[in-house]
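Written below as structure tokens is the structure these notes are about.
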């Protein structure tokens, strides 16, 4: 009996590990985790790796957005300058158009016929054609420049909108990843050794139509001892096993006022036999991932009551708190309790 008081992963999550996941984005229903903590190719990413990646993506997205905004401002100036040139040419073009309307080609011919010599006639004709050509070319050139700038700005406006959208997406992913790490205790608590996702547990039995949970007695055989557990505790035990956590576990034990004698709690060890505190990355990550699985699948209104792990206790409604002295024996294991 004393070995149960040794340091272990105490998961006392009112194993309603099964009221559905607290955050669907963290769900990984298709594959069970490798809770051993070893670096496997098919193992879920560490949540700290996800945070690092999202931070990097966010910075890149912001950089692209700022670059596009600068180019957008430059194009706006180009459009404005082209418009100013067109505005400056407008009176001259208008005067030419009005003069042409008043005199038509006769006025131009009269001006040419006033020439005293053939050379003067040719010079006047050339000057008139050149003036018309210069103005026409200038108008066409400025108009084309304005059109190009407007088209480029329209395309860039669309690009900026898309990049703003992507920056918002990256910011949300960054926030969600940081929030997910905080949910499982934060980097200081976990050492960053916790998977970014957890499997989704199946709903616990005994839920009533109004959302509450029916009382249960210690009516099922405890698979870990010769004692008994409640149906919901047995369900939670099976769900944790199904998620891949197969190291030593003990549920029922007599004596005391807490959940174990009532068949409502299980202690999950970090090793294959007996209990001891985490002492390397493997045992720490196993406990982190086990607690994360229970927490991500627990929430206010679920059948979970609390999870104890690594000298802290987690409640669905309150989050993580320092473990009180009365519960210090649970420091080395994950302890889970069910309603």
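Every number in this text was worked out from the coordinates using simple rules, so none of it is lab data. These figures come from a predicted structure and were not determined experimentally. Note that each Cβ is placed from the backbone with ideal geometry, even for glycine, and that neighbours are counted across all protein chains shown.
Numerical summary
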{"read-out": "Sequence of 285, 170 once ranked by neighbouring C-beta atoms within 10 Å, starting from the fewest", "value": "170, 285"}
{"read-out": "Alpha-carbon centroid distance for the pair region 156-196 / region 209-252, whole angstrom", "value": "35 Å"}
{"read-out": "Relative packing of peptides 261-274, 153-166 - highest average C-beta neighbours within 10 Å first", "value": "261-274, 153-166"}
{"read-out": "Among 197-208, 177-188, the order from most to least packed when residues are scored by Cβ within 10 Å on average", "value": "197-208, 177-188"}
{"read-out": "Residues 240, 79, 249, sorted so that the one with the fewest Cβ neighbours within 10 Å comes first", "value": "79, 249, 240"}
{"read-out": "Tensor-based shape of region 203-305 (alpha-carbon gyration tensor, a/c under 1.5 rounded, otherwise prolate or oblate)", "value": "oblate"}
{"read-out": "Whole-number D in µm²/s for region 146-285 (Stokes-Einstein; Kirkwood sum over Cα pairs; 25 °C, 0.890 mPa s)", "value": "125 µm²/s"}
{"read-out": "Label point at residue 179 placed 7 Å out along Cα→Cβ; residues across region 257-300 whose backbone nitrogen lies under 16 Å", "value": "296-300"}
{"read-out": "Length released on extending from residue 311 to residue 214, taking residue separation times 0.36 nm less the Cα-Cα span", "value": "31.9 nm"}
{"read-out": "Least to most buried among 232, 148 (fewest other Cβ within 10 Å first)", "value": "148, 232"}
